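Below is one structure, written out as structure tokens, with a few remarks after it.
Please treat every number below as a calculation from the coordinates, not as lab data. This one's a predicted model, so the numbers in the text were calculated from it and none came from an experiment. Every residue, glycine as well, gets a Cβ built from its backbone with ideal geometry; the counts of neighbours run over all protein chains shown.
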Amino acid sequence: MIERRIALAIFAWMLAQGLSSVAASVPVPLCAGLTIVTAINEPEGDYESIKTIESIDANGVRVRYSTEHVANDRPGHPIIKLNLSRVMRDTDLRHATRYLQEFSTLSPPEVPGTTAIGTSTDVLDALKSKGAAELTMFDLPRSLPSAPAYSNDPKKHPSVFDHEVLFKLRRMESSPVGFPLVLNGASVALPAIHATGSAEFGEKGEFFFLDDEANPLALRWRIRTSSISTNDRAQLQVVKIAAHCSAPTSGPSALERALAENRRVDVYEIYFSFNSDEIRDESGPTLKELGDLLARHRDWQLSIEGHTDGIASDAFNLDLSKRRAAAVKAALVTRYGVDAGRLTTNGFGKSRPRDTNDTPEGRARNRRVELVRTS
């Protein structure tokens, strides 16, 4: 069965990384600043979407969504960029059985009765306690010829709720399975509840939810039109999470400690546009942290090294990695006043992988900026 092959692949990855057990003690709190990176693999490479929790208050949890993809239906296949926000209500995070997984300009910013980044506490609890649960997903058409946007009221049409797909899920294993990804720059296997199910018209769904009732993130899901289909109608896989949610302390950060003690650190929270050296907005906190620590340690000099995954040619990746390293230097110099003479850059393309290039999570680990303290 395909589910068994996936479980075996995850276990093999854990063994290769020295992760013999699930990292159940690693928290992924739902808090302002939580950043979730997902990847969709296409022939030309992995397209990363980024969800960031912007704020949590009495009105709910506000999520910022940033994505890029190729417009295959347009001349020249340009990169389309999309930035949207969604508000999730606290009561829906606890009780909703609808997961509005799609972010669209046609959808309203708040859809009562739905979640946006995973399932609810109630659905996860049902899978754990009963071994079964119902979960509604959505299949929204890309265009609306008769209206400017969807309504968030099921009594008004066209409505988001006109396109529900109900899955009856059943838990696959009696214990959580390890789900590999990069968390705060480290490779871990987070505990996940694995479930599969079918919809009314024969669609097959498979889901991995973080085993945390306070934050049951969707770590992976895919929807197929049949059990034998090799093509997914829709899919998602989380490859990186940054969960720096605690209040700042007076001591050095993990990044600062790594440079002070080991003189070298891999940085995964500087994000680039697809096949580009353009730095995405979500990189701001990490760049600021680097600027601040270089201001504190004025005797430090850094080598900024770019690395890519194994997709595309050696020449393309080598050039891309060099341009990305140079872009990081430029950002530190122009935004934070770091003396350009303290920073050197280099790129190694795909020649120094940290992981396999055969999986989305492996490629995500290979795409990185490495900082080396040279003085």
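Of note:
- Under a 5 Å amide H cut-off, with hydrogens placed 1.01 Å from N, residue 181 pairs with 188, 190 among residues at least 5 apart or on other chains.
- Alpha-carbon Debye profile of the chain, log10 I(q)/I(0) at 0.07, 0.12, 0.15 Å⁻¹: -0.33, -0.97, -1.45
- Cut-off under 5 Å, modelled amide H: who pairs with residue 280 long-range: 271, 272, 273
- Placing +1 on the Cβ of every Lys and Arg and -1 on the Cβ of every Asp and Glu, with nothing else charged, gives the range 2-242 a dipole about its Cα centre of roughly 180 debye.
- Projecting the Cα atoms of 63, 235, 348 onto the charge dipole of the chain (Cβ charges, centred on the Cα centre) puts 348 farthest toward the positive pole.
- Highest GNM mean-square fluctuation among 349, 131, 178, for the chain modelled with Cα contacts below 10 Å: 131.
- Expressed to the nearest 5 percent, the antiparallel share of DSSP beta bridges inside the range 2-242 is 90 percent.
- Dipole of the chain computed with +1 at Lys/Arg Cβ and -1 at Asp/Glu Cβ about the Cα centre; of 113, 286, 88, farthest Cα towards the positive end is 286.
- Value at 222 nm in deg cm²/dmol, rounded to 500, when DSSP H runs of n ≥ 4 in the chain each add -39,500 (n - 2.57): -6500 deg cm²/dmol
- Selected from 240, 51, 204 as most flexible by GNM, with the chain as the system and alpha-carbon contacts under 10 Å: 204
- Over the range 254-373, equivalent-ellipsoid semi-axes from the Cα gyration tensor in Å: 24, 15, 13
- Contact order for the chain, expressed relative to its length and based on alpha carbon pairs under 8 Å spaced 6+ residues apart, stands at 13 percent.
- Sorted peptide list for 257-270, 300-313, criterion being average Cβ within 10 angstrom, highest first: 300-313, 257-270
- Ordering of 79-91, 31-43 by packing [mean C-beta count within 10 Å, highest first]: 31-43, 79-91
- Proximal aspartates and glutamates relative to residue 168, as straight alpha-carbon distance under 12 Å, when same-chain residues fewer than 8 apart are discounted: 134, 200, 203, 206
- Along each principal axis, taking the top coordinate minus the bottom one, the Cα set of the range 255-308 gives 33, 20, 15 Å in descending order.
- Dipole of the chain, positive end: most advanced residue of 336, 360, 38 [Cβ charges, Cα centre]: 336
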